[in-house]
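Remarks on the structure that follows.
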Amino acid sequence: MGQDGLVTFWPAPHVDVPVHATVTLPGSKSITNRALILAALADGPSTITGALRSRDTDLMIAALRALGADIAGDAETLQVTPAKLGGGAVDCGLAGTVMRFLPSVATLAVGDVAFDGDAQARVRPLRTILDALRGLGAEIDGDALPFTVHGKGALRGGPVTIDASGSSQFVSGLLLSAARFDEGVTVHHDGKALPSMPHIEMTVEMLRRADVRVQAPTDSRKAQTWVVEPGPIRAVDWDVEPDLSNATPFLAAAAVTGGEVRIPHWPRLTTQPGDVIREILVRMGAEARVFDGVLTVRGPERLAGIDIDLHDVGELTPTVAALAALADSPSWLRGIAHLRGHETDRLAALSTEINRLGGKVTETEDGLEIVPAPLHGGAWHSYADHRMATAGAILGLRVPGVEIEDIGTTAKTLPNFVALWERMLNDGAAH
């Protein structure tokens, strides 16, 4: 939406030549928001370097400040000084990490913490985390936004069984604060396979860096139980990696135009799901290599379709669906039924929007079947979903006349997306 409330459309840039560019990306939203919570609950001050500043992370900062944490710094370097937490109001916006990670923190505050968010957020499933906290001794009014946590300054903790098949954030939301619970926590998952396991592994790794004792399953395919022992959360100076999922549209630009895009500071080892884009692009015909910390992707003459289970890396689905729509053979994206509960129903949104441009996408029980078809220009709706907006931008590179509604929604995780995208294309024009 524009500032005057009118719907605005961004003409997605179209190119007839291969894209050649180097794109430097800001930090990971997932790591930034986890680091902010751990720093706010730590036993001393912390510095977070390379923090992402976006709508989601600014909502997390504002929420922790509302509860009493002292967070100084306006750019990518933040100083966090823990304080006794009190009651307040939390605006979740549309940020899953805020609405699912902070209720646990709120149980440690002294006073009532009122949670609310955007209109779209009020339909996002939260009962799993709220019921789990009730089972651990919390008093909470409500089962979805808006809801209120009656903080008592402490939480008993202990064992709890949940069905986290709807979102890995339910597990992370319990683990991040659990060392501060009187009995810690034992989280047992009972349900269908957990989605986005790398995000839980990220949570566990960051807890261990803060000297929290965590027992986690060694085989993610049999992941069922996590144990966090009670104790202090040590202050850690966090250095945030670039957001690898935000890198995927730029790497896709190389793949769909037969060009070359380089991303510096690519981590050698990471728990970010976005790292899997390298394997996906190679399977679709591109070249991808990391040398001296720089990932270089070189696109093929013709992009091949792919049959892939994206269960653990569901956030890559909009990028992969856009690639598949521009490939020269059919694709099957599987294992992603849980995306129906994301910012929007991403499966319905992707099939609707690609088909609106002439595509042939069919929803399956747990994913999408995408048969290449000639695409034409038209409106692409983003559904207030940042990854839907960037998927439209990928298609626009090859399809003239794509106009993306509410490109500003990319500010959720990448506030300067349009400038980065246009700079990438201008770099390419210089070759």
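The values are calculated or read from the model by the stated rules, or taken from the named source; none is laboratory data. Note that the structure is predicted; figures quoted are calculated from it, not measured. Note that each Cβ is placed from the backbone with ideal geometry, even for glycine, and that neighbours are counted across all protein chains shown. What goes into the accessible areas is simple: the full protein's heavy atoms, side chains included, and nothing from ligands, DNA or RNA. Shrake-Rupley method; radii C 1.70, N 1.55, O 1.52, S 1.80 Å.
Observations on the model:
- Test: residue in the stretch 254-261 that is closer than 30 Å to ALA154 by Cα and assigned to a strand (DSSP E or B): no
- Being open to solvent by less than 10 Å² (accessible area, probe 1.4 Å) and either under 21 Å from HIS199 (Cβ atoms) or part of a strand (DSSP E or B) (or both) is a condition met by at least one residue of the stretch 229-237.
- Enumeration of residues in the stretch 180-214 that are in a strand (DSSP E or B) and touching a helix residue (DSSP H, G or I) at 6+ places or on another chain (Cβ under 8 Å): VAL185, VAL187, HIS189, VAL214
- You will find that of VAL214, VAL171, VAL228, VAL185, the residue that is more than 24 Å from the chain's Cα centre (by Cα) and of a type outside the set (Phe, Trp, Tyr) is VAL185 and no other.
- Per the listing ASP70, ASP163, ASP112, the residue uniquely closer than 23 Å to ARG346 by Cβ and acidic (Asp, Glu) is ASP163.
- Long-range neighbours under 8 Å by Cβ, at least six apart or interchain, first residue surrounded by fewer than 16 Cβ atoms within 10 Å (Cβ to Cβ) within the stretch 203-220, second at pLDDT below 95 and in a helix (DSSP H, G or I): SER220/MET197; SER220/GLU201; SER220/ASP312
- Annotation note: of LEU36, LEU52, LEU67, the sole residue that is over 27 Å from ASP385 (Cβ atoms) and either touching a Leu at 6+ places or on another chain (Cβ under 6 Å) or surrounded by 22 or more Cβ atoms within 10 Å (Cβ to Cβ) (or both) is LEU67.
- Among the helices (runs of 4 or more DSSP H) confined to the stretch 270-363, the ones with at least 1 residues that are within 23 Å of the chain's Cα centre (by Cα) and touching a residue at least 60 places away in the same chain (Cβ under 8 Å) are located at 317-325.
Rundown of residues vs (1) out of contact with any Asp or Glu (no Cβ under 9 Å at 6 or more places or on another chain); (2) surrounded by fewer than 24 Cβ atoms within 10 Å (Cβ to Cβ); (3) closer than 30 Å to PRO18 by Cα; (4) of a type in the set (Gly, Ala, Ser), yes/no style:
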residue	(1), (2), (3), (4)
GLU301	yes, yes, yes, no
ALA304	no, yes, yes, yes
LEU323	yes, no, yes, no
ALA327	yes, yes, yes, yes
LEU333	no, no, yes, no
LEU339	no, no, no, no
GLU363	no, yes, no, no
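- Residue in the stretch 146-159 that is without any contact (Cβ under 8 Å) to a residue 12 or more places away in the chain and either open to solvent by 10 Å² or more (accessible area, probe 1.4 Å) or polar (S, T, N, Q) (or both) present: no
- Only listed residue being buried (at least 23 other Cβ atoms within 10 Å of the Cβ), among the hydroxyl-bearing types (Ser, Thr, Tyr) and assigned to a loop (DSSP other than H, G, I, E, B), chosen from SER172, SER167, SER177: SER167
- Within this structure, ALA379 fails the test of being open to solvent by less than 30 Å² (accessible area, probe 1.4 Å) and either under 29 Å from ALA119 (Cβ atoms) or in a helix (DSSP H, G or I) (or both).
- So THR81, is it open to solvent by 40 Å² or more (accessible area, probe 1.4 Å) and closer than 24 Å to TRP238 by Cα: yes
- Complete set of residues in the stretch 364-374 that are outside any strand (DSSP E or B) and either more than 27 Å from ARG100 (Cβ to Cβ) or among the basic types (Lys, Arg) (or both): PRO372, ALA373, PRO374
- For GLY86, the conditions (1) over 18 Å from PHE181 (Cα atoms); (2) open to solvent by 10 Å² or more (accessible area, probe 1.4 Å) all hold with the exception of (1).
- Checked against the criterion of being aromatic (Phe, Trp, Tyr) and either within 20 Å of ARG302 (Cβ to Cβ) or in contact with a Cys (Cβ under 7 Å, 6 or more places away or on another chain) (or both), the stretch 326-337 has at least one qualifying residue.
- Here VAL105 meets each of (1) modelled with pLDDT of 95 or more; (2) open to solvent by less than 10 Å² (accessible area, probe 1.4 Å); (3) touching a strand residue (DSSP E or B) at 6+ places or on another chain (Cβ under 8 Å) with one exception, condition (3).
- Of the residues in the stretch 123-145, at least one is in contact (Cβ under 8 Å) with a residue 60 or more places away in the chain and either part of a strand (DSSP E or B) or of a type outside the set (Phe, Trp, Tyr) (or both).
- Of all the residues in the stretch 390-419, those that are open to solvent by less than 10 Å² (accessible area, probe 1.4 Å), farther than 24 Å from ASN355 by Cα and modelled with pLDDT of 95 or more number 1.
- Scanning the stretch 111-129 for residues that are open to solvent by 20 Å² or more (accessible area, probe 1.4 Å) and closer than 20 Å to LEU175 by Cα turns up PRO125, ARG127, THR128.
- Conditions (1) of a type in the set (Val, Ile, Thr); (2) modelled with pLDDT under 95; (3) open to solvent by 30 Å² or more (accessible area, probe 1.4 Å): number failed by VAL290: (2)
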